[in-house]
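I have placed the structure first, in the form of structure tokens, so that the comments after it can refer back to it.
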């Protein structure tokens with residue numbers, strides 16, 4: 001509704017409602033039962049695999065390093081296949 005709004009804090013204990021110029025705050029008391037508190041607590045969707053910026057940057061750098069190493073080995077086989085096979089430990093077929 002246009003004239004009403006509500007908000008619930010992340011712990012599920014404070015309910016705030018607004019109606020025109022009136023703002024009402026209510027404290028919701030939950031019993032000390034762990035199972036009931038877990039049942040009444042609001043649920044938020046959380047990504048199962050969420051990378052923080054440091055992990056994302058590290059993964060990106062690892063990907064760049066692997067790509068560079070693979071390209072370097074590929075070009076080594078183009079220049080001198082025998083030397084590249086000795087240095088990399090790969091055959092030309094495996095490298096391709």
Has the range 45-62 got any residue that is touching a helix residue (DSSP H, G or I) at 6+ places or on another chain (Cβ under 9 Å) and modelled with pLDDT under 80? yes
For residue 91, indicate whether it is surrounded by 10 or more Cβ atoms within 10 Å (Cβ to Cβ) and at pLDDT below 80. yes
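The values are calculated or read from the model by the stated rules, or taken from the named source; none is laboratory data. Just so it is clear, the structure is predicted and the values come from calculations on it, not from any experiment. A quick note on method: Cβ atoms are made from the backbone with ideal geometry, for glycine too, and the neighbour counts reach across all protein chains shown.
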